[in-house]
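Each remark here refers to the structure printed beneath this line.
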Amino acid sequence: MGRIRVLPDRIANKISAGEVVERPAAAIKELLENSLDAGARRIRIEVARGGKSLMRVSDDGHGMGYDDALLAFERHATSKLRDVEDLSSISTLGFRGEALPSIASVSRLLLETSEPDAETGVRVEIAGGKIFNVEELALGAGTTISVKNLFYNVPARKKFLRTDKTELAHVASLVTHYSLAHLDKSFQLINESGPLLNVTPVETMRDRVYQIFGSETLDELVELEEVERELEVAASPYPTESRAKKQVYRLRGFFSKPHIQKLNRNSIFVFVNDRLIRDRVALKAISTSYHNVLPPGSFPFALLFLEMPFEEVDVNVHPSKTEVRFRHSSFVFDFIRDALRDRLIQSKPVSQLPLPKSPQQPGVDLPYSENTARAEMDGPPPEDRPRRVEVGGFALKTQPTPTARIDFEPGETFAPAAPAPALDREAATEPDWRSTPLPERPESSRPHSRERLVDPPTESLGDLSRLHPLGQLHDSFIVAASPDGLWLIDQHVAHERILFEQVLAGRMSGKPEVQRLLMPLIVNLRPEQQIAFDATAEELRANGFEIEPFGHGTLAVKATPAALGPAETETLLHEILDTPEKELRELSLDYLRSQTAATIACHAAIKVNMPLDMQKMRWLLDELAKTDVPMACPHGRPIALKYPTREILKAFHRV
């Protein structure tokens, strides 16, 4: 008998389910995308124990008839594809026809659905992939899918689920970011403690961010208004035809100011054509846009929405549909990197005191918050679960509202779910869902006599020329005043940024400022440094060094950059040449160029514990204001911090 055999359907279905349904959030993602594809305007998600015991997704979409409701649980049954050509331009979020049968094979599932004009709807009950009850009954238009006891029949998979709080954090993150991608929809997320998210349709993404996170978080982000770039591509696959067409790419979203620093990429969220993805090209482009602004190993918070022609991206790469492949990946990389970098340079965001706490501690590499990390260490949360949930390091701004009760105790069979008030379809007394007003931003009250103390805030570090230097703190930090606050400027890193951009400008123009040494400086190299010198010699020359071999393992330095004193030259060369050979091979020309310029600037800049007179402090502030990136030194350390006048007044209880 041969060794190869076909697996039974019950085993194959569970294996396939593991590819699509990794955890409760993955199941909710599939159900949520189905609701959006069905044209739903309002979507309600209920979870118990982070989704492990109950997940219920209700929508007011177009629903299904009797035959479609049964076909939906056949593997690869879909309404979104007709032939193989459709795979080259997929415009829907779902298309494989794997989600519902995969979820149903590892849970107890209840489907209740009805088309808008139908007299009756259909109710389908499934356990472990087997249908055991189908009936017609009166239902409102739309679909409700309830999933209980996820992985009840796959114990090996169930034991790998994390704590309730961790699974809830994944669910909250998923729903939050889909609500940010679909501004014209209403989203509700509810758990045992009550509503976690409750948003109504809005006009702009800024309104949605305010709805979800509040004004304090909004103030920590830089908005990227829609930018677009055209790509010219061949209109025909045949090279003899020279026709070409233009493809338009658009990008919008929010990203954090430089002082918001994460320890991993888990706070970066990218949507492509409203599909949440995890893509190396996009992640690398976002990290690169912060080069020389964030310290190495730190990452920003980013929420970006990329729109492109459907045929330019392949979403049929993985069953979970979170991985994609771009047809022109280098163009996408450059577009994202340049758009963020240009906006960062344009905005020059201000870092204010007190700085927000980092949401993650060193060594913790978890998806969304320090609370999640604590939950993993402390075990399951108590019954009175806290309502606070963080997404990307920012807390959701929860709004307590009345809601229907969730069935917490899973049973072998289902009782009909009570209709949720907010989704009571066709109810004549229900207020128009579009008329729900946004919460107004509260205006801070203050005595009329104090208004003159608070000037409009400085929104950009390009306004550094408005600062009036008062003196130094410990001969290391410049203390300055502006109409709207008190400032601290690190004199070393400020001068470092100025010199860095000057060195780069000279390097790019091919005319670096050079000073010749009266006597050549002899530098001895170790063998590994000699290898590094061979790799960086051209870049050193372009930055103003004149270096010649002077015997075995020895160099003679005849000229250095003008900003560099002879005393620092040998130390600087050793620092540059101590880069491991492996890293040198991986460094691009741009990185090598900026790394060399940053090292030169660091050694040439004024130091801490160095007294400065008022004239030098004034010059430093004026020159810093002229730089492209006055927010951080080339190594990512902050340069200037502002303590706003309003915060000072609050501290003295004057407002």
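The values are calculated or read from the model by the stated rules, or taken from the named source; none is laboratory data. Here the structure is a predicted model, which is why all the values come from computation and not from measurement. Don't worry about glycine lacking a Cβ; one is built from the backbone with ideal geometry, like all the others, and counts go over all protein chains shown.
For segment 134-152, the set of residues classified as over 33 Å from the mean Cα position of the chain (by Cα), more than 16 Å from MET55 (Cβ to Cβ) and not hydrophobic (A, V, I, L, M, F, W, C) consists of GLU135, GLU136, GLY140, listed by residue number.
Working only within segment 523-560, note down all residues that are assigned to a strand (DSSP E or B) and within 39 Å of the chain's Cα centre (by Cα). Within segment 523-560, no residue meets the criteria. Just one residue in the set THR217, THR176, THR204, THR166 is under 30 Å from ALA640 (Cα atoms), β-branched (Val, Ile, Thr) and within 21 Å of the chain's Cα centre (by Cα); that residue is THR217. Counting the residues of segment 290-346 that are over 19 Å from ILE260 (Cβ atoms) and outside any helix (DSSP H, G or I) gives 21. Among residues of segment 284-313 being in contact (Cβ under 8 Å) with a residue 60 or more places away in the chain and under 28 Å from ILE28 (Cβ atoms), the one that is surrounded by the fewest Cβ atoms within 10 Å (Cβ to Cβ) is PHE310. When GLU203, GLU216, GLU226 are screened for being within 23 Å of LEU304 (Cβ to Cβ), acidic (Asp, Glu), outside the structural domain of SER347 (by TED's automatic domain parsing) and not in a helix (DSSP H, G or I), only GLU203 passes. The requirement of being buried (at least 16 other Cβ atoms within 10 Å of the Cβ), modelled with pLDDT of 90 or more and small (Gly, Ala, Ser) is satisfied by ALA494. Filtering segment 481-491 to residues that are modelled with pLDDT of 90 or more and either over 26 Å from GLU647 (Cβ atoms) or of a type in the set (D, E, K, R) (or both) leaves only ASP490. Can you tell which of GLU581, GLU575, GLU586 is surrounded by fewer than 19 Cβ atoms within 10 Å (Cβ to Cβ), at pLDDT 80 or above and not β-branched (Val, Ile, Thr)? When all the criteria are applied, what remains is GLU575.
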